[in-house]
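Structure first, commentary second.
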Amino acid sequence: MTDFESLRRLTEAVEIAGADIAPTYAEYVQLAFAIATDCGEAGREFFHRLCRVSAKYQREHAERVFSNALTTRHGEVHLGTVFHLAETAGVNLSKENMADNRENTKNTENTPSKNLTHARVYNKVDDDAPDESEELLNGSEPNQPLPTFPDADWPKILLLIMSYATSPMQRDIMLLGALTAMGASMERYVRCPYAGKYQSPCLQSFIVAPSASGKGILSLIRLLVEPIHDELRQQVAEGVKAYKKEKAAYDVMGKDRAKVEVPQMPKNKMFLISGNNTGTGILQNIMDANGTGLICETEADTISAAIGSEYGHWSDTLRKAFDHDRLSYNRRTDQEYREVKKSYLSVLLSGTPAQVKPLIPSTENGLFSRQLFYYMHGIWAWVDQFESGEADLEAIFTGIGMEWKQKLDLLKEHGLHTLRLTDEQKQEFNALFSDLFFRSGLANDNEMSSSIVRLAVNACRIMAEVAMLRALECDYPYQFQNYSSPLLTPDKEIAADNIKDGIITRWDVTITNEDFEAVLGLVTPLYRHTTHILSFLPSTEIKHRANADRDALFALLDTQFTRAQLLDQAALMNIKPNTALGWLNRLIKKGLISNADSKGIYTRTHVRVC
């Protein structure tokens, strides 16, 4: 049997088994060299067929890898390496006996998986043993890639920021990071009525990704709001300088001191608040800034270490700040009591999967449901870091930040801005979250209920922010008389005389249908990413917890489907047959899918089952 015929039959066996025989980049390159050495150009299509079983497969990249292997062949790497990779993946066959490959691979789905590592995640954690029907996840990666945000015509400043990303997932985290940072700077000046209170665009976002996966680009987001922070620090420096002069003059006044007030040290105002902070320190920073601020840390363990220290324990501050609650502290020394009645703190974090649990020990910790999670997969291929040329991204983002500060100053000059949704928009909003709440309950009982409720709050906050960014794109956004459909109009309670005299301190904001749909488009991807992060944490309420792949699998099936269609779709998604059938049986027991009829057809009792 020729090498070409052996490779053909091996490829068929691997496809039947649905086995990913090159899960790491090193094995991926070995596979290319082995096929290129013994089969040359004729092996190219077989290389693609062997690779595309993986969810990580990208045809263009595979083309480049194989072409490179043809040019720089490694004579010591032959087809035997391909057989070894297949056997390691559970496809037990030999080069000498390929004729029986279908029998040899028929039961490979039951082959034991590789040894688990500390980073491997499954539906239950800690000391629980995995259910036989549950598929373990390789490392922290879901088998089925998590969805990215849909393309949308966002306000220009957001599109500009996103344009400097080098991948779809980087675009997403740039968008989420920009919304978090710029929303923090809008604080109390922009709001949306929801759940009986006003919600300002103050978000808490957590980007989770393996090391060196590209999340470091978030450091540029901080530059968008540094001009705001720098101006406050300059004011503090000038205030301290004036205070020192007044204090020196006061100290030499002698008896005349009784006639004047003691000079007061100016408040230590800042916008960017350090995560390396004590419990009282973080409260002082927030109160000095009148309840506002942004914690922006590229390593989440900076905060978890601070919170866990002897003088830390300010996780409750983050939870209260999300809800704009009152913050206060009292110290017996000097009988000092301080408070701020409304808090507008935002948080932007990034970290590795291992940094999630130290900060958020379980879903019962209220921080989990308050976070907007986004999971980035690890690097699967080398990315050219010289592609962007010699552009100084730090200078570019600093410039964008200066432009944003000018628009923000204009916004603050005009007072309060309140988003007003139309009745149709409210109805669509409720329909989406009603369906999502139902799906969440089926998949994870009550563990995700709080997350869905607060995801709705975050969606309203993002809508208010996006609507405001769109309105500020106009040359004269507050001259509403000049526009047939103005996005900013005076609050209905403002007196007509005040409007005539230009004394308007409260504005109603309208969100366009396009921007409304764009924000709603973020909801399902964010839910799926949060569901995946859920698998990193201990189960508190249920034995079985669906990972993100289950939601994706059943979402792709029709209302009626057969067992074969289920298994075919599972194979395409690299989900083991036993896992898919286990999920199916569980949904049948819950009454969400009916048993197969005489024709072998299963029917959903609800359109979306998980």
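Cβ separations smaller than 6 Å between residues 6+ apart or across chains give the following pairs from the range 70-87 residues that are surrounded by 15 or more Cβ atoms within 10 Å (Cβ to Cβ) to residues that are modelled with pLDDT under 75: 83/95. Inside the range 328-362, residues that are over 17 Å from the mean Cα position of the chain (by Cα), assigned to a loop (DSSP other than H, G, I, E, B) and farther than 19 Å from residue 202 by Cβ make up a count of 3. Within the range 537-553, being closer than 16 Å to residue 576 by Cα and at pLDDT below 80 holds for 546, 547, 548, 549, 550, 551, 552.
Regarding the range 102-114, can at least one residue be identified that is more than 29 Å from residue 378 (Cβ to Cβ), modelled with pLDDT under 50, assigned by TED's automatic domain parsing to the domain that holds residue 17 and in contact with a Ser or Thr (Cβ under 9 Å, 6 or more places away or on another chain)? Checking the range 102-114: at least one residue is more than 29 Å from residue 378 (Cβ to Cβ), modelled with pLDDT under 50, assigned by TED's automatic domain parsing to the domain that holds residue 17 and in contact with a Ser or Thr (Cβ under 9 Å, 6 or more places away or on another chain). Restricted to the range 184-254, the set of strands (runs of 3 or more DSSP E) holding at least 3 residues that are over 30 Å from residue 510 (Cβ atoms) and touching a residue at least 60 places away in the same chain (Cβ under 8 Å) comprises 204-208.
Taking the range 554-572 as the range and being over 26 Å from the mean Cα position of the chain (by Cα) and over 13 Å from residue 584 (Cβ atoms) as the test, the residues that pass are 558, 559, 560, 568, 571. Listed conditions (1) crowded, with 19+ Cβ neighbours inside 10 Å; (2) in a loop (DSSP other than H, G, I, E, B) are all met by residue 152, apart from (1). Of the residues making up the range 477-513, those that are touching a helix residue (DSSP H, G or I) at 6+ places or on another chain (Cβ under 9 Å) and not in a strand (DSSP E or B) are 477, 478, 486, 487, 503, 504, 505, 510, 511, 512, 513. Here residue 502 fits the description: within 24 Å of residue 186 (Cα to Cα) and modelled with pLDDT under 95. Taking the range 268-296 as the range and being among the hydrophobic types (A, V, I, L, M, F, W, C) and either in contact (Cβ under 8 Å) with a residue 40 or more places away in the chain or assigned to a strand (DSSP E or B) (or both) as the test, the residues that pass are 270, 271, 272, 273, 283, 286, 287, 289, 294, 295, 296. For the range 569-592, give me each residue that is β-branched (Val, Ile, Thr) and more than 26 Å from residue 54 (Cα to Cα). Within the range 569-592, just 588 meets the criteria. If the condition is being within 38 Å of the chain's Cα centre (by Cα), of a type in the set (S, T, N, Q) and within 19 Å of residue 78 (Cβ to Cβ), then the range 4-56 contributes 11, 30. Cβ separations smaller than 9 Å between residues 6+ apart or across chains give the following pairs from the range 167-182 residues that are in a helix (DSSP H, G or I) to residues that are modelled with pLDDT of 95 or more and of a type in the set (Asp, Glu): 179/465; 182/465.
Screening the range 286-316 for residues that are polar (S, T, N, Q) and surrounded by 21 or more Cβ atoms within 10 Å (Cβ to Cβ) and picking the one that is farthest from residue 198 (Cα to Cα) gives 304. The set of residues in the range 410-437 that are aliphatic (A, V, I, L, M) and in contact (Cβ under 8 Å) with a residue 12 or more places away in the chain comprises 410, 411, 416, 419, 421, 432, 436.
The values are calculated or read from the model by the stated rules, or taken from the named source; none is laboratory data. Given the structure is predicted, the values throughout are model-derived calculations rather than measurements. Every residue, glycine as well, gets a Cβ built from its backbone with ideal geometry; the counts of neighbours run over all protein chains shown.
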